[in-house]
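Okay, so here's the structure we're looking at.
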Amino acid sequence: MIKIDNCDLAIQDQPKGCSKIGTCDMNGCYKLTVFDWLNDIPKANGDEVFPFVEVRFKNSRKDFFKTNNIELYVGDTVAVEAASGHDVGVVSVAGEMARLQMKKKNVSTDSDKILKVYRKASQQDIDKWQKYRLREEEVKYKSREYVIKHNLKMKISDVEFQGDGSKVTFYYTADSRVDFRSLIKDLAREFSTRIEMRQIGFRQEAARLGGIGSCGRELCCSSWMSDFRSVSTSAAKYQQLSLNPQKLAGQCGKLKCCLNFELDSYVDALSEFPAHNVQLQTEKGNAKWIKSDIFKGHLWYMYTDYKENGNTWHKLTLEQVNEIVALNKEDKKVASIEEFASELALSEIVEVDNFEKVVGQDNINRFDEVKKPRRRKKRRKKPTHRNNQHRNNSNKSQEQNKGQNKAPQKQGGNQPQKKSNQPKNENGQKPKRNNKNRRRRPNNNNRNNNQNKNNSNEK
């Protein structure tokens, strides 16, 4: 039994990535894989093996084939019959699971359209198949150049080679009918093989190519969905979604398929709600519907005569609205809807009072309040022993300098005075000294305090 790893550049039987075949999200190399939950169940004595298998090809293309008494298992690479020549694929479902799949898809075992399996693929078949698979990207880009050259309004989204290379299938999308006869001639001349053009829808294109949706997960159509149901804008209206085409459209450009997933639950919940065009009749006036919360059961109403009653929205419960509607059918009017809204507000206050805060459940808006910065009081630093010692040493040095500056007086007559080199005025007097330009002598005490501050800041 010969097996191959369908993922490109696989290392030690671990897929590195499916760039051309499919995805590995469902523990397989192909899309829409089926888990064989009947594989481990032993067969009863005398039961024959179901003579049909399901073979998968590129992306989501699958088909059923007759085994011709060949023992096949899931994952075997086989050479199967094709319209011309043979094709190569991988067995995806075998045994009793294949019987259930054929019954689900309404495929009869007596149909003449079911082709047969020739043999298990040899190494030569696998090498040839892989060689053509590697050419698909190059052929796709080349074919797009020819489409631009012929000025055709179509998009070639995918290319698939047959296992023996005798045929190439081009999958394209177009809004209208396209005349591509000249394109087929150029492609056949370029690739020297038989050409088949197959048009697919935009959803089928997204399913074949795959991708990541706006939810962050793999596209449903490429991972597990096998059929495409019609999606209308009414599904968005039931779920009260804004009719924004950019948000409601998927990668295929159509409405998202997930709009139908929760539609039934919304329809069941809305069956108990009154119609939106039903107005509540009160003594103050009629009130019209504004919006509703389906799963919480809340509705908002506003008076139609907002000039007299104001334009405030009044929140009511579903039970209160149904009670008012029932009274209106009996030609009875309630005093006002404020009475019902006040009852709901009181019940909500009681629920809030009973709430107990626990660890990690603080107020969400606690970071929104701007706190005023506190003013820090400046503290005077106490003198340290080192500063006192330094101050004493500086005082001693000053006293010694003063003693040296005092010159001893000689005994005897007057000493001659030294001539000063300072210039004199016109009157012969010395100019007055300008104290503003006088350079002050630095204070050692202030210098020491500044050094201590810098040292404390560095620490």
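If you build the Cα gyration tensor of the stretch 135-207 and take the root of 5 times each eigenvalue, what three semi-axes come out, in whole angstrom, biggest first?
18, 15, 10
Counting other Cβ atoms within 10 Å, which trypsin sites (Lys or Arg not before Pro) in the stretch 126-195 have at most 13 and lie in a DSSP loop?
153, 177
Let me know the Kirkwood hydrodynamic radius for the stretch 63-219, please, with Cα pairs as the basis and the value in Å to one decimal. Working shown, then result.
Working: mean 1/r = 0.0559 Å⁻¹.
About 17.9 Å, per the Kirkwood formula over Cα pairs.
Fewest Cβ neighbours within 10 Å first, please rank 176, 60, 265 accordingly.
The fewest-first ordering by Cβ neighbours comes to 176, 265, 60.
Starting from the Cα-Cα distance between residue 322 and residue 84, subtract it from 0.36 nm times their residue separation and give me the gain in nm to one decimal.
On the way: separation 238, 0.36 × 238 = 85.68 nm, distance 6.87 nm.
Extra length available between residue 322 and residue 84 comes to 78.8 nm.
Bear in mind these aren't lab numbers, they're just calculated from the coordinates by the rules spelled out. Please read these numbers as outputs of a predicted model, since none were measured by experiment. With ideal geometry, Cβ positions are generated from the backbone for all residues, glycine too; neighbour counts draw on all protein chains shown.
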